[in-house]
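A.B. asks: Quick one: the structure is below, and I'll ask about it shortly.
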Amino acid sequence: MPLQTTQAYVLRTYTLAEADKICVFLTRDCGKVRGVAHGARKMKSRFGSALEPLTEVALTYFFKEGRELVSVSTCDITRSSFYIASRSYETASALAYMAELLSEFLPDNEPNERLYRLVMAALAAIEATPEADKLWQLLRYFETWLLRLTGYFPDLAQCAACQTGIEKNVSAFLTVEGSPRCLHCSSGRGAVVDTEMRHVISEIFRAHPHEFATQLIPAKRLQQIGEMNYQIIRHALERDLRSRALLKQLALGQL
Amino acid sequence: MLDYAEPVTKLIDELKRLPGIGHKSAQRLAFHLLRADRAETARLIEAITEVKERIILCSTCNNITDVDPCRYCTSPGRDQGIILVVEEPFNIVAFEKTREYKGLYHVLHGALSPIRGIGPDDLKIKNLLERLRAGEVREIILATNPNTEGEATANYLSKLMRPLGPRITRIAMGIPVGSDLEYADEVTMHKALANRHEM
Ligand SMILES: [Zn+2]
Ligand SMILES: [Zn+2]
C-alpha cells in the first residue's frame, strides 16, 4: 500500500468499535481525507492528544486506490488548539463550528492550499485575540473566506441576471440560491446586502485576520453577515450544521 | 445471511446493534448462545430484564441505582460538602477504586459537544445547581474527561456555578503513572507542568 505524508488539521473523530477512531482530516496536500486510527481510544494510545479537534499534525497514512478510508500510521502534533479551546466554552464552540463547517462543506480529496492557509491564519488570530466579542468577528472572517475559496461567495459587484455592475454605494440583493442581483432585477426582493455590509465584506477580503480583528465593527453588522453566510452554507449543504444553533444562542448571550 | 434459519438471523441482527459488535462477532455470539444450555441463556435473559426493570437514575445525583436516592447519596460516612462531577455513571467506579474519595457524585450523562449538537439542555445540569442552592456544598470537583469536550464542559460549569459560591476545582491532567516522559505529547506535558505541585 502506498504511504502519504502531509501536514493536516484534525477536523473531527468518531468512535469506531472498542479501541479505534475514524478521523476526518483537512490535509494540505490531498484535501479532506477520512481515515482509521487504530487503538486511538486506549488510555495509553500512541496518538495521545493529537486527535483533538483542530490540532495541526504531521500525518502519514496508507491508502488504497478506490477505498474510502485510509489507515493512519503516524500523527504527531505540530500545533495544538487545545489551549485555545480550553480558554472558554465560547471558544470551544467557535472552534467546533469551524471544524464542522470544514468537515461538512469541503469535498473529499481536493487539495486547496489557500484554504489550508486560511485555517492556519484564522486559528492564529483567534489565539492572539482573547477578547470574547472579537471571537464572533473572526468567525465571520473565516466563514466569508471559506465561502469565497470554495467558490460559493457571490460576486456582489455584478448582477448575475443582467451582468451590469453594482456600484459600491448601493445595495445588492441575494436570491435564495445566494446569486447577486441589482435593484432593478430583484425588484428589491431577496436578502439585502447594504452598503455597510458590503464595506465590512470588502474589509474581510482586504485585511489579514489579525488586522480585521482590531477593527471596530458593530455586532449588528456582523450578525447580518453571519446570517447571509449561513443562508449560503445551508443552501449548499441542504441541511443545518449541528453546532450552529448552540453557537447562535451563545453569541446572543442566551446560554 | 439467507443460509441461516430466520430466528438465528434475527438474533444476529439484534446483537449487531450492540456497540463494538460487527457482523462476525455477532455471528460468533449467536452460535455461542445457540450451543449454550438453557440455564445459561435464562440467566442472561433474566439479567437483561432485571436491569431494564429495576435500574433507575438517582433523583439527586443521576447515578444508575436500584434505590432512590442511591447508596452514595445516603451513605452517612460520606462528606456531603464535596461533589465530584463526572460524565458517565461508569466514571464513578474509577474514583471509588482509589478508596481516597469520600464525597458525593454528580453524573452529567455526557459532555457538551457543539459538533454533535449536544448543548447544556441535553445534560443533567439543572439538578446540580439545585444541589448547590441547598447550600451545604463547599467544593465542586470537575472530573469530566481530559479532552476538548470535557474541558469545554468544565469551563461552562465553572462559569455557571461560580456565583453560587463553592470552591471549584478541576482534576489534574498530566503524565500517566507507569508511562515514560519520552512518549508524552506537548499538550500533556504542558498540562503536567502547569499542574505541578510543591514538594
Ligand atoms: Zn440586474
Ligand atoms: Zn445519588
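A.B. asks: From the phi angles alone, apply the Karplus equation (6.51, -1.76, 1.60; θ = phi - 60°) to the range B:23-33 and give each ³J(HN,Hα) in whole Hz, x where the residue is Gly or Pro.
C.D. replies: With the stated coefficients, the range B:23-33 comes to 4, 5, 4, 4, 5, 5, 5, 4, 6, 5, 5 Hz.
A.B. asks: Taking the Cα centre of the protein assembly as shown as origin and charging only Cβ (+1 Lys, Arg; -1 Asp, Glu), how large is the dipole, in debye to the nearest 20?
C.D. replies: Working: 57 positive and 56 negative charges, 81 e Å.
It works out to roughly 400 debye.
A.B. asks: Give the long-range amide H neighbours of A:Arg12: residues separated by 5 or more places, or on another chain, with amide H under 5 Å away, using H modelled in the peptide plane at 1.01 Å from N.
C.D. replies: Under 5 Å from the amide H of A:Arg12: A:Val24.
A.B. asks: Quick one: which residues, 5+ away or cross-chain, put their amide H under 5 Å from the amide H of A:Gln158? H built at 1.01 Å from N.
C.D. replies: HN-HN under 5 Å from A:Gln158: A:Ile166.
A.B. asks: Another question, if that's okay. I'd like the accessible area for B:Thr60, computed on protein heavy atoms only with a 1.4 Å probe and all protein chains in place. Round to 10 Å², please.
C.D. replies: Taking all protein chains as shown, B:Thr60 has close to 50 Å².
A.B. asks: Right, here's the next one. Please list A:Phe63, A:Phe47 from largest to smallest accessible area, probe radius 1.4 Å, with all protein chains kept in place. Before the final figure, lay out each step's value.
C.D. replies: Numbers: A:Phe63 55, A:Phe47 5 Å².
Largest accessible area first, the residues go A:Phe63, A:Phe47.
A.B. asks: Moving on to the next point. Kindly state, to the nearest 0.05, the FRET efficiency for B:Ala134 paired with A:Tyr83, given R0 = 41 Å and r defined as their beta-carbon distance.
C.D. replies: Details: r = 36 Å, r/R0 = 0.87.
That pair, B:Ala134 with A:Tyr83, gives E of 0.70.
A.B. asks: Which Cα, out of B:Ala26, B:Phe95, B:Gly110, lies furthest along the positive dipole direction of the range B:1-150 (beta carbon charges, K/R +1, D/E -1)?
C.D. replies: Looking along the dipole axis, the top candidate is B:Phe95.
A.B. asks: Report the one residue of A:Phe25, A:Gln163, A:Val193 whose Cα lies farthest in the direction of the positive end of the charge dipole of chain A (charges on C-beta: Lys and Arg +1, Asp and Glu -1; origin at the Cα centre).
C.D. replies: Of the options given, the answer is A:Phe25.
A.B. asks: For B:Lys126, which lysines qualify as cross-link partners when the Cα separation must be under 18 Å and same-chain residues fewer than eight apart are set aside?
C.D. replies: Counting by Cα, and skipping residues close in sequence, B:Lys126 has these lysines nearby: B:Lys159.
A.B. asks: What list of ³J(HN,Hα) values in whole Hz, one per residue of the range A:67-84 in order, does the Karplus curve 6.51 cos²θ - 1.76 cosθ + 1.60 (θ = phi - 60°) give from phi, with Gly and Pro shown as x?
C.D. replies: 9, 6, 9, 8, 10, 5, 9, 10, 8, 10, 5, 9, 8, 8, 9, 4, 5, 5
A.B. asks: Also, I was wondering about something else. For helix A:219-237, report the angle its Cα long axis makes with the longest principal axis of the Cα atoms of chain A; keep it between 0 and 90° and round to the nearest 10°.
C.D. replies: So the helix axis and the longest Cα principal axis differ by about 60 degrees.
A.B. asks: I would also like to ask the following. For a test of the definition: using alpha carbon positions, the gyration tensor, and the 1.5 limit on a/c, classify the range B:1-77 as rounded, prolate or oblate.
C.D. replies: Details: a/c = 3.72, a/b = 2.53, b/c = 1.47.
Prolate.
A.B. asks: Something else: Rounding to the nearest 10 and keeping the result within 0 to 90°, find how far the Cα-based axis of helix A:89-105 lies from the longest principal axis of chain A.
C.D. replies: 90 degrees
A.B. asks: Which one, B:Asp13, B:Asp79, B:Asp185, has the greatest fluctuation when you compute a Gaussian network model over chain B with C-alpha springs under 10 angstrom?
C.D. replies: B:Asp13
A.B. asks: Still on this structure, please answer the following. Residues of A:92-101, mean number of Cβ from any other protein chain within 10 Å of their own Cβ, rounded to a whole number? Please list the in-between numbers first.
C.D. replies: Numbers: counts 11, 7, 1, 4, 8, 2, 1, 3, 4, 1.
Per-residue shielding by partner chains comes out at 4.
A.B. asks: Relative to the longest principal Cα axis of chain A, at what angle does helix A:195-206 sit, 0 to 90 degrees, rounded to 10?
C.D. replies: 40 degrees
A.B. asks: Same structure, new question: Accessible area of A:Trp136, 1.4 Å probe, to the nearest 10 Å²?
C.D. replies: Surface open to solvent at A:Trp136 totals about 40 Å².
A.B. asks: So how strong a dipole does the range A:3-80 carry about its Cα centre when Lys and Arg Cβ are +1 and Asp and Glu Cβ are -1, to the nearest 20 debye? Provide the component values of the computation, followed by the final result.
C.D. replies: Working: 12 positive and 8 negative charges, 26 e Å.
Magnitude of the dipole: close to 120 debye.
A.B. asks: Label the range A:3-80 by shape, choosing from rounded, prolate and oblate, from the square roots a ≥ b ≥ c of the eigenvalues of the Cα gyration tensor; if a/c is under 1.5 it is rounded, and otherwise prolate applies when a/b is larger than b/c, oblate when it is not. Could the numbers behind the result be given before it?
C.D. replies: On the way: a/c = 1.65, a/b = 1.13, b/c = 1.46.
Cα axes put the range A:3-80 in the oblate bin.
A.B. asks: First check a/c for chain A, with a ≥ b ≥ c the square roots of the eigenvalues of its C-alpha gyration tensor; if it is under 1.5, answer rounded, and if not, answer prolate when a/b is larger than b/c or oblate otherwise.
C.D. replies: Details: a/c = 2.31, a/b = 1.72, b/c = 1.34.
The shape class here is prolate.
A.B. asks: Give me the percent of DSSP beta bridges within the range B:45-199 that run antiparallel, rounded to the nearest 5. Mind showing how you got there, number by number?
C.D. replies: Working: 3 of 16 bridges.
Restricted to the range B:45-199, the bridges split so that about 20 percent are antiparallel.
A.B. asks: Pop a pseudo-label 7 angstrom from the Cα along the beta-carbon direction at both A:Asp108 and A:Met1 and give the gap in nm to one decimal.
C.D. replies: My value for the distance between the label points is 1.5 nm.
A.B. asks: Just A:Ala122, A:Ala40, A:Ala161 to compare: in a GNM of chain A, with alpha carbon springs under 10 Å, which one fluctuates most?
C.D. replies: Top of the fluctuation ranking is A:Ala161.
A.B. asks: Now, a different point. Given 0.36 nm per residue, what is the gain on full extension from A:Leu252 to A:Asp194 after removing their alpha carbon distance, in nm?
C.D. replies: Working: separation 58, 0.36 × 58 = 20.88 nm, distance 2.25 nm.
Answer, rounded to one decimal: 18.6 nm.
A.B. asks: Taking each residue in B:179-191, count the Cβ atoms of any other chain within 10 Å of its Cβ, then average. What number comes out?
C.D. replies: Numbers: counts 2, 0, 0, 0, 3, 2, 10, 9, 11, 5, 2, 4, 4.
Mean shielding count: 4.
A.B. asks: Mind listing the long-range amide H neighbours of A:Ala191? Cut-off is under 5 Å, sequence gap 5 or more, other chains count too, H placed in the peptide plane at 1.01 Å from N.
C.D. replies: A:Leu174
A.B. asks: With just the Cα atoms defining each centre, how far is the range B:31-70 from the range A:7-27? Give it in Å.
C.D. replies: Taking the Cα centre of each part, the range B:31-70 and the range A:7-27 sit 34 Å apart.
A.B. asks: Rolling a 1.4 angstrom probe over the protein chains, ignoring ligands and nucleic acids, what is the accessible area of A:Ser49 in square angstrom, nearest 10?
C.D. replies: 20 Å²
A.B. asks: From Cα pairs below 8 angstrom and at least 6 apart in sequence, can you work out the relative contact order of the range A:87-251, rounded to a whole percent? Don't jump to the answer; show the numbers that get you there.
C.D. replies: Numbers: 165 pairs, mean separation 45.4, N = 165.
This gives 28 percent for the range A:87-251.
A.B. asks: In Å² (nearest 100), what accessible area is buried between B and A, both sides summed, heavy protein atoms only, 1.4 Å probe? Kindly include the intermediate steps, with their values, before the conclusion.
C.D. replies: Numbers: alone 13840 and 13100 Å², together 24650 Å².
The summed interface area works out to 2300 Å².
A.B. asks: Go through the range A:114-128 residue by residue and turn each phi into a ³J(HN,Hα) via Karplus (6.51, -1.76, 1.60, θ = phi - 60°); whole Hz please, and just put x for glycine and proline.
C.D. replies: Result, ordered by residue: 5, 5, 4, 5, 4, 4, 4, 5, 5, 5, 4, 5, 5, 4, 7 Hz.
A.B. asks: If you take every DSSP beta bridge whose two residues both sit in the range B:28-133, what share of them, in percent to the nearest 5, is antiparallel?
C.D. replies: Values: 3 of 8 bridges.
About 40 percent, rounded to the nearest 5.
The values are calculated or read from the model by the stated rules, or taken from the named source; none is laboratory data. Computed from a prediction, not measured in an experiment: that's the story for all the values here. Ideal geometry is used to build each Cβ from the backbone, glycine not excepted, and the neighbour counts take in all protein chains shown. Heads up: the accessible areas ignore ligands, DNA and RNA and are worked out on the full protein's heavy atoms, side chains in. Shrake-Rupley method; radii C 1.70, N 1.55, O 1.52, S 1.80 Å.
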